[in-house]
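Comments concern the structure below.
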Amino acid sequence: MTLTYINTHYWSILWICLSISILSYWVMAYYSSFFKYEKWTTRKFSIFDLEFPSSARYYTFIMISLIDQSKNRNKSQPINSLRKNLYWDFLFMIGTYTFLAMLALHVYSLDIVTRSPFFLYLAYAQLVALFLDIIENIFIFVSTYHPKLFMKPADKNYKLHISDFELESNWKFKIYKLIVKSKFFIALTGLILSLITILYSHLFLQIYTNISVYKGVFMFIAILLLLGVGVFISTQKQKT
């Protein structure tokens, strides 16, 4: 895919990527509405609780709770929904990271940055973020079957419950946290720098036509509205 092709079909590519991301996000939002675990009381959680847990013990506590309640067929929906959420996340990744890469490649093609390969590297970096996101999902998926993935075994009698002396995380948890932080850093860096450069190009260099500006504003408003629909879906109470 050449830069000429990207610039010619720029808006079409962005809308295709956005459509893939939003549709998969809506499905993920539906499944996330089932995210709850029961220990003394029913508590809701989000995927961010698993991506940024306060500790390996808290992460493990959620997973063990989900596995415990899944033994009751009437309460198996939360962990099954988490696994289905991870499946759809792969489609969400394709749309999102392609969208970010296209933004960076578009900025790279502008006259003001043709002398620097920075945004070209930033576009390729989204492939790294995609790879890291895939590894993250694999970690989470495996932990739905092995909830103590991030904990050091206390002794040979390694049971399902967390005992008081099992407080120490293992090397996998450190790698997992690094993967999550790196993924978000690369993706957000690509998004923020690309948008800032595009905005600068319009305000000070007047590269874009009014039609392009209207398209950009319309897409931004559409993204906010569509994300709002996803948030509404995820907050609906579902019977489990």
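A few notes on this one:
- Residues located in segment 78-93, provided they are buried (at least 20 other Cβ atoms within 10 Å of the Cβ) and either at pLDDT below 85 or within 16 Å of Tyr37 (Cβ to Cβ) (or both): Pro78, Ile79, Ser81, Leu82, Asn85
- Taken together, the residues in segment 108-123 that are of a type in the set (A, V, I, L, M), modelled with pLDDT of 70 or more and in a helix (DSSP H, G or I) amount to 3.
- Matching option when the condition is of a type in the set (D, E, K, R) and modelled with pLDDT of 95 or more, among Glu168, Glu136: Glu136
- So Ser54, is it outside any helix (DSSP H, G or I), modelled with pLDDT of 85 or more, surrounded by fewer than 16 Cβ atoms within 10 Å (Cβ to Cβ) and small (Gly, Ala, Ser): yes
- Taking the listed residues Ser32, Ser54, the one that is small (Gly, Ala, Ser) and over 19 Å from Leu227 (Cβ atoms) is Ser54, with no other qualifying.
- Looking across Lys239, Lys215, Lys181, one residue alone is surrounded by 13 or more Cβ atoms within 10 Å (Cβ to Cβ) and modelled with pLDDT under 70. It is Lys215.
- Cβ separations smaller than 7 Å between residues 6+ apart or across chains give the following pairs from segment 90-108 residues that are within 15 Å of Thr189 (Cβ to Cβ) to residues that are among the hydroxyl-bearing types (Ser, Thr, Tyr) and in a helix (DSSP H, G or I): Thr96/Ser21; Phe99/Ser21; Leu103/Ser194; Ala104/Ser194; Val107/Ser194; Val107/Thr197.
- Test for Ile233: is it under 24 Å from the mean Cα position of the chain (by Cα), among the aliphatic types (A, V, I, L, M), at pLDDT below 75 and part of a helix (DSSP H, G or I): yes
The values are calculated or read from the model by the stated rules, or taken from the named source; none is laboratory data. Values in this document were obtained by computation on a predicted structure and should not be read as measured data. Neighbour counts run over all protein chains shown; Cβ positions are idealised from the backbone, glycine included.
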